[in-house]
Amino acid sequence: MVAICDIDDRALNLSKEIITKSGKKMPQVFTGDNYAWKKMVEIKDLDGVLVVTPWEWHKPMVIGSLEAGLKYVGTEVVLGITLQDHWDVVKAAEKYNANVMMLENVCYRRDVMAVLNMVRQGLFGELIHLQGGYQHDLRGIKFNDGGHAKEHGVEFGEKGYSEAHWRTEHSIHRNGDLYPTHGVGPIANYININRGNRFLSLCSFSSKARGLHNYVVKWGGENHPNAKVKFKLGDVVTTSINCANGETILLQHDTDLPRPYSLGFRVQGTEGLWMDVNNSIYIEGKSAKNDEWDEAKTWFDKYDHPLWARWSKETAGAGHGGMDFFVIHSFVESIKRKTPTPMDVYDAAAWSAITPLSEQSIELGNETVEFPDFTSGQWMYRKPVFALNDEY
Ligand SMILES: NC(=O)c1ccc[n+]([C@@H]2O[C@H](COP(=O)([O-])OP(=O)(O)OC[C@H]3O[C@@H](n4cnc5c(N)ncnc54)[C@H](O)[C@@H]3O)[C@@H](O)[C@H]2O)c1
């Protein structure tokens, strides 16, 4: 790593501590204003750049990096804010013949990959219906006291720290599935979206919004200024998607109510299904008992994906249960081998565009809206490339 950029000294100091502990050479530091990154991406012969900033910065930083000549850009979820942002990134990647990979780490979760292995070996039969989402109580992240990243205070915006500094604003001004990619990324790999299949249309519904307001009142009191803030984001946003090959998808965004974390996966085919909430699998004629769930673990041990079988030792200490190792590993290996990244700009755009499309559907009174084809017809010819073997 030759350079890092951030506008916040606390964040830079944390990064510097990690680098010092690792014994690696201290990279060049860029800071000072919101556009300091522009100077960083001009460094000669950079192999790649990772964009891990607030959502509204992803599009300008990705496109700015491509314009500076970078051929590999990894960006945290999501790709952009508006639908036009998504087109702009796709067109820029095409213009500069460059790789833009969204760092969707859940695609590499161990159980998610074991299910991919099972899907590819036909265990579930022909896939019919899939579910997933982002069901994560973020109240202690959307608010804090400006000093801690989690669980203290009810401040946000200028007075908030880390995600409370920016993410909460999206809950005030927007209503839609604001974080679709952790749920839909794995699903897209199961049914080969953009590779022989594509999303056709989408329809979203939003519940009323209570969770964030109640949280402010509970911990800050009725007289706290933030108790007056009106949140537009419904507590539970539900989206249905229709696919070219006839599958249906149900996604849920649920971040403002008390609840344990779960991405709520369900992968159902003509022969059986996986449901991750109760850690269970049922395959007709193969499960231990007729009409009774098997513990998913027995299947996952047998169908562990070759990538995990080979690399699980290297995942020790990596974030999010090891899956962060794989997403960075695949980005770096693609650069070293000068090959396309296993998740590309068309995947990033299709998965992330669910946000503006769901906002549009809700705004139009739950109208069904058409999905754009970011591949311009190439989805009919493109072949699956994600995690076909144990390499990266
Ligand atoms: N894949 C995952 O599991 C996962 C987990 C957490 C966060 N994320 C994503 O990662 C991204 C960052 O989230 P986070 O939790 O690290 O947020 P954060 O607020 O803790 O960190 C963002 C950093 O970006 C810096 N920044 C803001 N504007 C900048 C600019 N113009 N130039 C340089 N630096 C700038 C901020 O100072 C801050 O240090 C988001 O897209 C988020 O959704 C993904």
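Every number here is computed from the coordinates shown, using simple stated rules; none is lab data. If you're wondering where the values come from, they're calculated on a predicted model, not measured in any experiment. Glycine gets a Cβ as well: all are built from the backbone with ideal geometry, and neighbour counts include every protein chain shown.
Values as computed for the structure displayed
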item: Translational D in µm²/s for region 1-142 (Stokes-Einstein at 20 °C, 1.002 mPa s, Kirkwood Rh from C-alpha pairs); result: 121 µm²/s
item: 31 Å Cα-Cα threshold exceeded, pairs from LYS59/LYS232; LYS39/LYS159; LYS59/LYS338; LYS24/LYS313; LYS91/LYS142; LYS25/LYS383; result: LYS91/LYS142; LYS25/LYS383
item: Ascending count of other beta-carbon atoms within 10 Å, so fewest first, for TRP55, TRP299, TRP166; result: TRP166, TRP55, TRP299
item: Burial ordering of ASP85, ASP291, ASP6, ASP301, fewest other beta-carbon atoms within 10 Å first; result: ASP291, ASP301, ASP6, ASP85
item: GNM result for the chain, Cα springs below 10 Å: residue of HIS182, HIS148, HIS58 fluctuating most strongly; result: HIS148
item: Calculated SAXS-style log₁₀ I(q)/I(0) at q = 0.06, 0.09 Å⁻¹ - the chain, Debye, Cα scatterers; result: -0.24, -0.56
item: Hz values of 3J(HN,Hα) by residue in region 88-99 - Karplus curve (6.51, -1.76, 1.60), Gly and Pro given as x; result: 4, 5, 4, 5, 5, 4, 5, 4, 9, 6, 10, 9
item: Whole-angstrom gap from region 77-97 to region 210-234, using each part's C-alpha centre; result: 35 Å
item: Rounded to 5, percent antiparallel among DSSP beta bridges of the chain; result: 65 percent
item: Dipole magnitude of region 3-105, debye to nearest 20 (Cβ charges: Lys/Arg +1, Asp/Glu -1, about Cα centre); result: 360 debye
item: Distance between modelled label sites at VAL29 and LEU12, nm, 7 Å Cα→Cβ extension; result: 0.5 nm
item: Taking LYS39, LYS95 and counting other C-beta atoms within 10 Å, the order from fewest to most; result: LYS95, LYS39
item: Under Karplus coefficients 6.51, -1.76 and 1.60, residue-wise ³J(HN,Hα) of region 26-38 in Hz, glycine/proline x; result: 5, x, 5, 10, 10, 7, x, 8, 4, 10, 4, 4, 5
item: Amide proton proximity set for GLY269, modelled H, under 5 Å, gap of 5+; result: ILE128
item: Alpha-carbon centroid distance for the pair region 272-289 / region 181-205, whole angstrom; result: 23 Å
item: Residues whose placed amide H lies under 5 Å from that of GLY133, excluding near-sequence neighbours; result: GLY183, GLN252
item: Phi-based couplings in Hz for region 310-326 (Karplus 6.51, -1.76, 1.60; Gly and Pro marked x); result: 7, 10, 4, 4, 5, 7, 4, x, 6, x, 6, x, x, 5, 5, 4, 5
item: Most positive-pole-ward Cα, ALA350, ILE328, GLY365, against dipole of region 322-373 from beta carbon charges; result: ILE328
item: Sequence ranges 118-127, 99-108, ranked by mean other-Cβ count within 10 angstrom, highest first; result: 99-108, 118-127
item: Selection from TYR179, THR248, ASN197 lying farthest towards where the dipole of region 161-301 points positive, charges on Cβ; result: TYR179
item: Normalised contact order of the chain, rounded percent, pairs of Cα under 8 Å and 6 or more residues apart; result: 21 percent
